[in-house]
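Accompanying notes for the structure given below.
The values are calculated or read from the model by the stated rules, or taken from the named source; none is laboratory data. The structure displayed is predicted, hence computed values, not measured ones. Reconstructed Cβ throughout: ideal geometry from the backbone, glycine too, with neighbour counts over all protein chains shown. Quick note on the areas: whole protein, heavy atoms, side chains included, nothing else; ligands and nucleic acids left out. Shrake-Rupley method; radii C 1.70, N 1.55, O 1.52, S 1.80 Å.
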Amino acid sequence: MISIGITGHQNLNKHLVKGWLKKQLHAEISVIPKIICAYSSLAIGADQLFAEVILRNNIDLIALIPCEDYIQTFRYGQQKKYRAILELCCTVEVLGYQRPSEQAFLRAGQIVADRSDILFAIWDGKPAKGTGGTADIVEYALGKGKRILHFDINAQKVNILNH
């Protein structure tokens, strides 16, 4: 039984990247045997795209929400989609942080990595722009010896990262 999780960029505006990503996510998920659940913090961008693919594949989705007031990190128009995905999760865990912070995001990403047998990283390969960014979570997961599927959004290819 395998668990998977997501770390990735929030800004995936390009239609080409989103189309390629959705196709690749479906392809990779379809070849992993016996996925029992998937973990996501449900941030806009990579997390929500991953969540949508997970739900379409009838895999249990577990939300690891960084803080109590997480919804305030979403613009008004994004809140409806966040709530809709949240309602479809089989489990929702909210970390003990009251407000959104880099520390809360870092900890949520670390927990996703810790609980995942395979971490999906939708990442451009660049350093994190703030504490808890995709690069920080990839580095953390590598340090824990996790298997990472890197969806390189610049080269549009998927590869396995090893420490």
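Which value, in Å², gives the accessible area per residue of the chain when a 1.4 Å probe is used on the protein heavy atoms?
On a per-residue basis, the chain sits at 52 Å².
Please compare each pair in Lys23/Lys80; Lys23/Lys81; Lys81/Lys146; Lys126/Lys146; Lys22/Lys80 to a cut-off of 26 Å on the Cα-Cα distance and tell me which ones are over it.
Beyond 26 Å: Lys81/Lys146.
Rounded to the nearest 5, what is the percent of antiparallel bridges among the DSSP beta bridges in the chain?
About 15 percent, rounded to the nearest 5.
Okay, helix-only estimate at 222 nm for the chain: each DSSP H run of n ≥ 4 adds -39500 (n - 2.57), divide by all residues, round to 500 deg cm²/dmol; what do you get?
-12500 deg cm²/dmol
With a/c under 1.5 counting as rounded, go ahead and sort region 1-62 into rounded, prolate or oblate using the C-alpha gyration tensor (a ≥ b ≥ c being the square roots of the eigenvalues; past the cut-off, prolate if a/b is larger than b/c, else oblate).
oblate
So how exposed is Glu139, as accessible area in Å² (1.4 Å probe, rounded to 10)?
130
Percent of accessible area on the chain owned by carbon and sulfur, 1.4 Å probe?
49
Around Asp117, with a cut-off of 11 angstrom between Cβ atoms, what is the net charge of the other residues, counting Lys and Arg +1 and Asp and Glu -1?
Result for the neighbourhood of Asp117: +3.
Rule-of-thumb check for region 90-132: C-alpha Rg over 2.2 N^0.38 Å?
Relative to the rule-of-thumb radius for its length, region 90-132 sits at 1.30.
For region 80-152, what is the Kirkwood estimate of the hydrodynamic radius, computed as the reciprocal of the mean inverse distance between distinct Cα atoms, to one decimal in Å?
Computed over Cα pairs of region 80-152, the Kirkwood hydrodynamic radius comes out at 13.4 Å.
About the Cα centre of region 113-163, what is the dipole size in debye to 20, counting +1 per Lys and Arg Cβ and -1 per Asp and Glu Cβ, all else neutral?
40
Considering only Pro66, Pro127, Pro100, give the residue with the highest GNM mean-square fluctuation for the chain, with springs between Cα atoms whenever their separation is below 10 Å.
Comparing Pro66, Pro127, Pro100 in a Gaussian network model of the chain, the most mobile one is Pro127.
So, in Å, what gap is there between the alpha-carbon centers of region 1-71 and region 123-163?
Using only Cα atoms to place each centre, the spacing works out to 15 Å.
If you split all Cα-Cα distances of the chain into 5 Å bins from zero, what percentages do you get per bin, shortest first?
For the chain, the pair-distance distribution reads 1, 9, 20, 24, 23, 15, 6, 1.
Determine the equivalent ellipsoid of region 48-113 by diagonalising the alpha-carbon gyration tensor, then write out the semi-axes as square roots of 5 times the eigenvalues, largest first, rounded to whole Å.
20, 15, 10
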